[in-house]
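Colleague: Sharing a structure with you now.
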Amino acid sequence: MTLQHLLDIATEAALAGGAVLQAYAGKVNIREKGRMGDLVTEADRAAEAAILDVVQRHCPTHQILAEESGAQGTASDYLWAIDPLDGTTNYAHQYPFYASSVGLLIQGKPSVGVIFDPTRQELFRAATGLGATLNRQPIRVSSIASLNQSLLVTGFAYDRHETPDNNYAEFCHFSHLSQGVRRGGAAALDLAYVACGRLDGFWERGLSAWDMAAGAVLVAEAGGQVTAYDQSEFVIESGRILASNGALHQAMSQELFQVKPLPSACLPKLA
Ligand code: IPD
Ligand code: CA
Ligand code: CA
């Protein structure tokens, strides 16, 4: 199967997931999955079923890692990393910033990525060597080259109540150095926005492969850079990602290592 064909399958899958999200929008029951704030709705599961149906029909021998149903299939060079609803907290509160994200790792490398934002009908697509597009038009990362002119984005994992490594200090640090740090609440869309130049850089810890696989391909194919915090090779299992327009990459990496921990007294005690 060619990369173009795999990209078309990912597109069909992400569009199917997004259509389900829109059909359920505003009508869901919300449940906590375990950790405080980690929500799931019927829409997550129904969108995942729609995406899996497409992927399994076209690629029955490929492995799948999907957020709600976990790992499926036997070892293969092809691993689909699927987040049917990235931005569940936003979705549950009817804050319209969420997407279906379908990524494909080939021999462990993010190689195909499609992210569909059904609210804005924005379809982000990329595959290694084939470029990145938004609604079929080529996209590129921004050319902002200094942090003090940049708009950045990050997020906070659901274990933020349990670990001092919760990204709060990094958020403060970059808020001082940039024109702003957004917290979009949907890592896949955060990456898509870096790819199309609306945002200049993104870092986050505690993510899963399904949050990053598609977006990593988009940023790389749009001319940006995707690495570990220290600029070494991106390892999706690490849960950490530094993605930028390239021009800011070294500065962001250096600053991540300058961050001083916040005193724990800054935070209220949870019941
Ligand atoms: C979450 C979002 C959020 C990020 C969290 C993710 P979900 O995914 O991408 O932006 O900060 O770490 O878990 O739960 O909405 O699919
Ligand atoms: Ca997610
Ligand atoms: Ca999700």
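The values are calculated or read from the model by the stated rules, or taken from the named source; none is laboratory data. In this text, all values refer to a predicted model and were calculated from it rather than measured experimentally. Positions of Cβ are backbone-derived with ideal geometry, glycine not excepted, and every protein chain shown enters the neighbour counts.
Colleague: Tell me whether the range 47-64 contains one or more residues that are surrounded by 16 or more Cβ atoms within 10 Å (Cβ to Cβ) and in a strand (DSSP E or B).
Modeller: Within the range 47-64, one or more residues are surrounded by 16 or more Cβ atoms within 10 Å (Cβ to Cβ) and in a strand (DSSP E or B).
Results for (1) at pLDDT below 95; (2) farther than 26 Å from residue 153 by Cα; (3) of a type in the set (Gly, Ala, Ser), shown as yes or no for each residue.
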{"position": "41", "(1), (2), (3)": "yes, no, no"}
{"position": "66", "(1), (2), (3)": "no, no, yes"}
{"position": "83", "(1), (2), (3)": "no, no, no"}
{"position": "87", "(1), (2), (3)": "no, no, yes"}
{"position": "95", "(1), (2), (3)": "no, no, no"}
{"position": "101", "(1), (2), (3)": "no, no, yes"}
{"position": "105", "(1), (2), (3)": "no, no, no"}
{"position": "116", "(1), (2), (3)": "no, no, no"}
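Colleague: For the range 139-205, which fully contained strands (runs of 3 or more DSSP E) count at least 1 residues that are hydroxyl-bearing (Ser, Thr, Tyr)? Give the steps one after another, and end with the answer.
Modeller: Values: elements: 151-154, 180-183, 201-204.
Filter on the range 139-205 gives 151-154.
Colleague: Among the residues of the range 69-91, which ones are in contact with a strand residue (DSSP E or B) (Cβ under 8 Å, 6 or more places away or on another chain), more than 11 Å from ligand 3 (Cβ to nearest atom) and outside any strand (DSSP E or B)?
Modeller: Of everything in the range 69-91, those that are in contact with a strand residue (DSSP E or B) (Cβ under 8 Å, 6 or more places away or on another chain), more than 11 Å from ligand 3 (Cβ to nearest atom) and outside any strand (DSSP E or B) turn out to be 73, 74, 75, 76, 77.
Colleague: Then there's this: Select from the range 206-218 the residues that are small (Gly, Ala, Ser) and not in a loop (DSSP other than H, G, I, E, B) and list them in ascending order.
Modeller: Result: 209, 213, 214, 215, 216.
Colleague: If you take the residues in the range 7-27 that are small (Gly, Ala, Ser) and in contact with a helix residue (DSSP H, G or I) (Cβ under 6 Å, 6 or more places away or on another chain), which one is farthest from residue 42 (Cα to Cα)? Break it down stepwise before answering.
Modeller: Let us first name the residues in the range 7-27 that are small (Gly, Ala, Ser), namely 10, 13-14, 16-19, 23, 25-26.
From what's left, in contact with a helix residue (DSSP H, G or I) (Cβ under 6 Å, 6 or more places away or on another chain): 13, 16-17.
Details: 13: 18, 16: 15, 17: 12 Å.
Within the range 7-27, the match that is farthest from residue 42 (Cα to Cα) is 13.
Colleague: Checking residue 169 against (1) farther than 23 Å from residue 236 by Cβ; (2) within 16 Å of ligand 2 (Cβ to nearest atom), only one condition comes out false. Which one?
Modeller: So residue 169 meets the others, but not (2).
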